[in-house]
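Structure, as structure tokens:
Since every read-out is calculated from the coordinates, none of them should be taken as a lab result. Remember, predicted model here, so these are calculated numbers, not experimental data. So basically every Cβ, Gly included, is an ideal-geometry build from the backbone, and we count neighbours across all protein chains shown.
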Amino acid sequence: MINKTEWGFADGYKTYLITLKNKNGMSVSLTNYGAAIVDLCVPDKNGGFTDVMLGYDDIAGYIKGSSSQGAVIGRYANRIGGAKFTLNGKEYNLFKNNGDNCLHGGSVGYHRRVWNVYGVSGGDNPSAAFSYVSPDGEENFPSELKIIIRYTLTAKNALKIEYSAVPDGDTILNLTNHSYFYLGGCGSGDILNTRLAIFAEKYTPVDSELIPTGEMAPVVNTVFNFTEPKLIGADINSIDIGGYDHNFILGEPGVMRKAAAAYNAATGIEMTVYTDMPAVQLYTGINLDEPGMGKFAGFCLETQFSPNTPNMPHFPQCAIKKGEEFRSVTKYAFAAVV
């Protein structure tokens, strides 16, 4: 089932709310503002449905909001150290919106753009796609970039996100989705009692501005060890920045793998994350400060290239050539465990 309604205006452009529902009753609502996920209602152990995602009630919330709720992030998700990088021997200087660094695309990232509704389709696996043309020089990133993001709600209760982008010249690219999950549902409190596993043997230590030092360090014997499931809050008080905002190394890009799994005992909801991206950022909402959304209200698992990759040549690289198509898939699969 698909329902599409007008949802107001942003920057003079019409916005929409599109709801997809599969045969099991699981549903997802999407908006073309930021190509964002608005809500995600999944089966729980009590036979009902729980919305497991933070979001706003109307388009005004997304326009005013400061935390990129559910949105697509780009052109470069996460941080670029010193807000600059070099490509083909030319240095590009970016907008500094995170101390001395560029975060989530700069002054106006993709999460602040009104995307086109590229198409919707029904059937057993309903989907909606959004497109955006990022012009050459936008936020000082080189080359025009044509992007399509497709969300599919599968018959097996998974939300699949497919990313596709083609530049008209060489550029760098790091796309992700910035959804905040809370598997206990609305009013269930913080996410510290969510059990989490991240299937990564290494992480990237960072400096005081959260820029990777360049090391890929083992997680063993550190608070970043989620190779065995543990509560998010188990070691959180030992982290000097007050919570997790850290990148975990999964492997080489282009290989689909299980990246993480999370579980809430109260609802019985288990979420498993699969991706072909080389890293995933765990963010526990340490800076969330919006109406109804405070610190630890939700957690993000942002599949991505590692932060500051353009300045770290030994990391899996994010540069793409003229006319080359970038493709990536991330899937969030849900099950109710009684």
### Query
Once amide H atoms are placed 1.01 Å from N in the peptide plane, what residues at a sequence separation of 5 or more from HIS246, or on another chain, have their amide H within under 5 Å of its amide H?
LEU282
#### Entry: Phi-based couplings in Hz for region 180-187 (Karplus 6.51, -1.76, 1.60; Gly and Pro marked x)
9, 9, 9, 6, x, x, 4, x
### Message
Defining a contact as two alpha carbons under 8 Å apart and six or more residues distant in sequence, what relative contact order in percent does region 2-336 show?
### Response
18 percent
## Note on the structure
Around GLY169 (Cβ within 15 Å, Cβ-to-Cβ, excluding GLY169; K/R +1, D/E -1) the net charge comes to -2
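All other residues with a Cβ under 12 Å from the Cβ of LYS258 taken together, and with Lys, Arg as +1 and Asp, Glu as -1, what is their net charge?
Values: positive: ARG257, LYS331; negative: ASP276.
Surrounding charge for LYS258 is +1.
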#### Entry: Per-selection Rg to Rh, region 1-50 - Cα, Kirkwood hydrodynamic radius
1.09
#### Entry: Amide proton proximity set for LYS96, modelled H, under 5 Å, gap of 5+
none
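Assign unit charges at the C-beta atoms only (+1 for Lys and Arg, -1 for Asp and Glu), then state the dipole size of region 2-336 relative to its Cα centre in Debye, rounded to the nearest 20. All intermediate terms of the calculation are to be shown ahead of the outcome.
Details: 27 positive and 34 negative charges, 154 e Å.
Charge dipole of region 2-336: 740 debye, to the nearest 20.
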### Message
If amide hydrogens are placed 1.01 Å from N in the peptide plane, which non-local residues have theirs closer than 5 Å to the one on VAL38?
### Response
SER29, LEU30, THR31
### Message
Once each part is reduced to its C-alpha centroid, what is the distance from region 38-105 to region 185-224 in angstrom?
### Response
18 Å
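Counting each DSSP H run of 4 or more residues in the chain as -39500 (n - 2.57), what helix-only mean residue ellipticity at 222 nm follows after dividing by all residues, to the nearest 500 deg cm²/dmol?
Numbers: 1 runs with 6 residues, N = 338.
-500 deg cm²/dmol, from helical runs alone.
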### Query
From the residues PHE9, THR152, THR330, which one has its Cα farthest along the dipole of the chain in the positive direction, the dipole being from +1 and -1 charges on Cβ of Lys/Arg and Asp/Glu about the Cα centre?
THR152
### Query
Among VAL28, ILE59, VAL72, whose Cα sits farthest toward the positive end of the charge dipole of region 1-109 (+1 at Cβ of Lys/Arg, -1 at Cβ of Asp/Glu, about the Cα centre)?
VAL72
